[in-house]
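Reading through the structure tokens given below for one structure.
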Amino acid sequence: MVSNSTIADLLIPKVEFTPEDLRTRYPSRALPEGAMVTRFAPSPTGFFHIGGLYTALISHKLARQSQGVFFLRIEDTDKKREVEGAADLVIQSLRKYGLIPDEGETGPGLEVGQYGPYRQSARVDIYHTFVYRLLLEEKAYACFATPEELEEIRSQQEKEKIRPGYYGPWAIWRNRSQEEVRDALNAGKPYVIRLKSPGDINQRVLFSDLIRGELELPENDQDIVILKSDGLPTYHAAHVIDDHLMGTTHVLRGDEWVSSVPLHLQLFQAFGWVPPLFGHIAPIQKMDGNSRRKLSKRKDPEASVLYYDEQGYPKEAVIEYLMNLADSGFEEWRTNHLSKSYYDFNLEISRCSRSGALFDAAKLGSISKEVIGSLNAIETYEQGLHWATQYNPALASLMSRDPVYSQNILNIERESEKVRKDITKWSDLEYEIGYFFDDYFFEKSLDPASFQGIENLDDIQRAIQEFIDGYDESDDKDQWFHKLKIIASNHGYAESTKAFKKNPTEFKGHVGDIAKLIRMLLTGRNQSPDLWEIMRVMGKARCAQRLNHLETLVKKGS
């Protein structure tokens, strides 16, 4: 008779450790009472979803505020779906957004922490150790079912309209003899290792979710695969083993895993371990017509973390926005603590949305404006140039040509009581400041068609020439505007809108008309920051060059 241990040795040869060895290698963590050990455990199978950053933020925040540990584990056992560079993108993004793990990979080839390796593909010997123990205890078994047999099972279940899966009478290798297993091995048949589930679908599992509260689900009775034919574990087995050995106390993950909780609790029980607490986070959603749906990788560019880099949202704005989504109390706290870091806020997991937070681009933009508006001119220049260097090299070239001039541009209305907040994200910079640079202005900003239909051209040209001749960069704003009003009056324009409206037939227009035309000639647009400040930054020579183009523009536009 073939013994159980003989079969286990054949199925998983060269097991070097015992579970007891690994318990010594991964001792219990010595942490303060109440400290949380959380993790972010992405699979490198595609782009980094904003929902992943959202989950990482919550996990990071809970660990830090409880004096615990936040670690990064790369769950890369699905080699068929792994995308090159995806793990590096996660690592870089966490660093960029200030969610640097206490343990795990923190950069290329850099790993910190005593509970590694933190890539699952480097922990295969560990998984084999524990699956081997399950085989010895007859809590797991080898399954040699072929793809054709599994397809036949699925087809028959569908035909009979019964629940699909590998369970009960459909688990065709569950009760095979050791001799049959040995013969299949000798024949070189490929196999997987399955959990021998003790569950009953008619029984219920009760558990308390950190976000959703008390939940009740059917027990798991599926004999799921825990070790694949390539020797790598499935997610179900690997994460249970890792979370136990790494001392995870709180698992925060997407709500698509709620239905798997009975299975995961069953696995913890099979190994004889106490499970962590689970919190299932509802996905970020958006409005699609009159209904809500999850942010889609295929449909929504804002689903990707890279989108926020490309658009140039400051990292602080993205984190602040996600904090608003994570905890319903954050917005009020921020209103009362404008100068504090979000680190000072105490996140309550129970205040996370159960139904899914709604993505609001306008809200993100509002927060981003505040963040950029809080920067001084040098900080604005440095951060804007950093973004432009990567995403808009032409703008970066303009900005870096004369850093002082660029900083002066960005300082317009930045030191006043009403701080300039016209820049929502760094990708707005080209539109907001491009016209200050002559190359850009004459190529892209100045539209001759805007000057069609100008009346009294000779008078206006003379008025503008007098204005620029008398322009003095040392004049304060009141002196500057006083000169403009006198010139306007001398050429038949009212000194105020009020005076013009009172007697419109007596004037050709009002001083605002002259100012509007000067603005158009200097900036190429009807609206801009303060005109007096613009002229001071541009300087008299540049202003004169642009103001002297009126006649040419009128002819081109007509």
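The values are calculated or read from the model by the stated rules, or taken from the named source; none is laboratory data. These figures come from a predicted structure and were not determined experimentally. So basically every Cβ, Gly included, is an ideal-geometry build from the backbone, and we count neighbours across all protein chains shown. These area figures cover heavy atoms from the full protein model, side chains too; ligands, DNA and RNA do not enter into them. Shrake-Rupley method; radii C 1.70, N 1.55, O 1.52, S 1.80 Å.
Taking the listed residues S406, S400, the one that is within 17 Å of S445 (Cβ to Cβ) and not in a loop (DSSP other than H, G, I, E, B) is S406, with no other qualifying. Within the stretch 265-278, being under 28 Å from the mean Cα position of the chain (by Cα) and either open to solvent by less than 20 Å² (accessible area, probe 1.4 Å) or small (G, A, S) (or both) holds for P276, F278.
Given the residues T129, T106, T146, which is the only one that is surrounded by fewer than 16 Cβ atoms within 10 Å (Cβ to Cβ) and of a type outside the set (A, V, I, L, M, F, W, C)?
Details: T129 fails: surrounded by fewer than 16 Cβ atoms within 10 Å (Cβ to Cβ); T106 fails: surrounded by fewer than 16 Cβ atoms within 10 Å (Cβ to Cβ).
So the residue among T129, T106, T146 that is surrounded by fewer than 16 Cβ atoms within 10 Å (Cβ to Cβ) and of a type outside the set (A, V, I, L, M, F, W, C) is T146.
What is the residue count in the stretch 304-331 for residues that are small (G, A, S), surrounded by fewer than 21 Cβ atoms within 10 Å (Cβ to Cβ) and assigned to a helix (DSSP H, G or I)? Working first, answer last.
Of the stretch 304-331, the ones small (G, A, S) are 304, 312, 317, 326, 328-329.
Subsequent filtering for residues that are surrounded by fewer than 21 Cβ atoms within 10 Å (Cβ to Cβ) retains 304, 328-329.
Of the ones still in play, those that are also assigned to a helix (DSSP H, G or I) are none.
Adding up the residues that qualify gives 0.
Return the total of residues in the stretch 280-303 being within 20 Å of the chain's Cα centre (by Cα) and not in a loop (DSSP other than H, G, I, E, B).
Pass one, the stretch 280-303, residues within 20 Å of the chain's Cα centre (by Cα): 280-287, 292-303.
Narrowing the set further to residues that are not in a loop (DSSP other than H, G, I, E, B) leaves 280-281, 285-287, 292-294, 301-303.
Going through the stretch 280-303 one residue at a time, the tally reaches 11.
When A86, A140, A41 are screened for being of a type in the set (A, V, I, L, M), over 22 Å from L31 (Cβ atoms) and within 24 Å of the chain's Cα centre (by Cα), only A86 passes. Among the residues of the stretch 420-458 satisfying the criterion of being part of a loop (DSSP other than H, G, I, E, B) and open to solvent by less than 20 Å² (accessible area, probe 1.4 Å), which is farthest from I534 (Cα to Cα)? Restricting to residues being part of a loop (DSSP other than H, G, I, E, B) and open to solvent by less than 20 Å² (accessible area, probe 1.4 Å), the top hit is I423.
Going by what's in this entry, would F40 be described as farther than 25 Å from D230 by Cβ, of a type in the set (F, W, Y) and open to solvent by less than 10 Å² (accessible area, probe 1.4 Å)? Against the criterion (farther than 25 Å from D230 by Cβ, of a type in the set (F, W, Y) and open to solvent by less than 10 Å² (accessible area, probe 1.4 Å)), F40 does not qualify.
Within the stretch 529-543, is even one residue among the basic types (K, R) and open to solvent by less than 10 Å² (accessible area, probe 1.4 Å)? If you could, list the steps in order and put the result at the bottom.
Let us first name the residues in the stretch 529-543 that are among the basic types (K, R), namely 536, 540, 542.
Going one step further and asking which of them are open to solvent by less than 10 Å² (accessible area, probe 1.4 Å), we end up with none.
No, every residue in the stretch 529-543 fails to be among the basic types (K, R) and open to solvent by less than 10 Å² (accessible area, probe 1.4 Å).
In the set V258, V274, only one residue is in contact with a strand residue (DSSP E or B) (Cβ under 8 Å, 6 or more places away or on another chain), β-branched (V, I, T) and closer than 30 Å to E137 by Cβ; that residue is V258.
As a summary of the residue check, S229 satisfies the conditions (1) surrounded by 14 or more Cβ atoms within 10 Å (Cβ to Cβ); (2) under 39 Å from the mean Cα position of the chain (by Cα); (3) among the hydroxyl-bearing types (S, T, Y) except for the one numbered (1). Only residues that are touching a residue at least 12 places away in the same chain (Cβ under 8 Å) and within 13 Å of Q222 (Cβ to Cβ) were counted in the stretch 151-175, giving 10.
Restricting attention to the stretch 510-528, the residues that are farther than 15 Å from L547 by Cβ, of a type in the set (S, T, N, Q) and surrounded by 19 or more Cβ atoms within 10 Å (Cβ to Cβ) add up to 0. The one condition from (1) under 26 Å from I423 (Cβ atoms); (2) open to solvent by 50 Å² or more (accessible area, probe 1.4 Å) that N290 does not meet is (1).
In the stretch 60-81, is there at least one residue being without any contact (Cβ under 8 Å) to a residue 12 or more places away in the chain and exposed (fewer than 15 other Cβ atoms within 10 Å of the Cβ)? Checked against the condition, which is being without any contact (Cβ under 8 Å) to a residue 12 or more places away in the chain and exposed (fewer than 15 other Cβ atoms within 10 Å of the Cβ), the stretch 60-81 yields at least one hit. Residues being surrounded by fewer than 13 Cβ atoms within 10 Å (Cβ to Cβ) and touching a residue at least 60 places away in the same chain (Cβ under 8 Å) are represented in the stretch 472-491 by at least one member. The selection criterion, being surrounded by fewer than 19 Cβ atoms within 10 Å (Cβ to Cβ) and more than 26 Å from T389 (Cα to Cα), holds for K297. Candidates are the residues of the stretch 101-137 that are at pLDDT 95 or above, farther than 13 Å from A8 by Cα and β-branched (V, I, T); the one that is farthest from the chain's Cα centre (by Cα) is I126. Reported count of residues in the stretch 109-123, each being open to solvent by 10 Å² or more (accessible area, probe 1.4 Å) and either of a type in the set (S, T, N, Q) or within 17 Å of T77 (Cα to Cα) (or both), is 6. A single member of E417, E382 is out of contact with any strand residue (DSSP E or B) (no Cβ under 6 Å at 6 or more places or on another chain), open to solvent by 40 Å² or more (accessible area, probe 1.4 Å) and modelled with pLDDT of 95 or more, and it is E382. Contact annotation: residue pairs with Cβ atoms under 7 Å, 6 or more positions apart or on different chains, pairing a residue in the stretch 410-429 that is under 16 Å from I378 (Cα atoms) with a partner that is modelled with pLDDT of 95 or more and hydroxyl-bearing (S, T, Y), are L410/T380; L410/Y381.
May I ask you to list the residues in the stretch 32-54 that are touching a Phe, Trp or Tyr at 6+ places or on another chain (Cβ under 8 Å) and more than 21 Å from T234 (Cβ to Cβ)?
Taking the stretch 32-54 as the starting set, the residues that turn out to be touching a Phe, Trp or Tyr at 6+ places or on another chain (Cβ under 8 Å) are 37-40, 42-43, 50, 52-53.
Within the stretch 32-54, V37, T38, I50, L53 meet the criteria.
Do we find that I74 is in contact with a helix residue (DSSP H, G or I) (Cβ under 8 Å, 6 or more places away or on another chain) and among the aliphatic types (A, V, I, L, M) in this structure?
Details: in contact with a helix residue (DSSP H, G or I) (Cβ under 8 Å, 6 or more places away or on another chain): yes; among the aliphatic types (A, V, I, L, M): yes.
Spelling it out, I74 is indeed in contact with a helix residue (DSSP H, G or I) (Cβ under 8 Å, 6 or more places away or on another chain) and among the aliphatic types (A, V, I, L, M).
Taking the stretch 1-115 as the region of interest, the helices (runs of 4 or more DSSP H) fully inside it that hold 2 or more residues being hydrophobic (A, V, I, L, M, F, W, C) and closer than 29 Å to R133 by Cα are 4-11.
Which residues, counting only those in the stretch 198-214, are under 30 Å from D327 (Cα atoms) and either without any contact (Cβ under 8 Å) to a residue 40 or more places away in the chain or loosely packed, with under 15 Cβ neighbours inside 10 Å (or both)? Before you say what the answer is, go through the steps one by one.
So the first thing to find is which residues in the stretch 198-214 are under 30 Å from D327 (Cα atoms), and the list is 205-214.
L206, S208, G213, E214 - these are the residues of the stretch 198-214 that are under 30 Å from D327 (Cα atoms) and either without any contact (Cβ under 8 Å) to a residue 40 or more places away in the chain or loosely packed, with under 15 Cβ neighbours inside 10 Å (or both).
For the stretch 385-410, residues that are under 11 Å from W426 (Cβ atoms) and open to solvent by 60 Å² or more (accessible area, probe 1.4 Å) total 4.
For the stretch 334-378, which residues satisfy the criterion of being among the polar types (S, T, N, Q) and either in a loop (DSSP other than H, G, I, E, B) or open to solvent by 20 Å² or more (accessible area, probe 1.4 Å) (or both)?
Those that are among the polar types (S, T, N, Q) and either in a loop (DSSP other than H, G, I, E, B) or open to solvent by 20 Å² or more (accessible area, probe 1.4 Å) (or both): T335, N336, S339, S341, N346, S350, S353, S355, S366, S374, N376.
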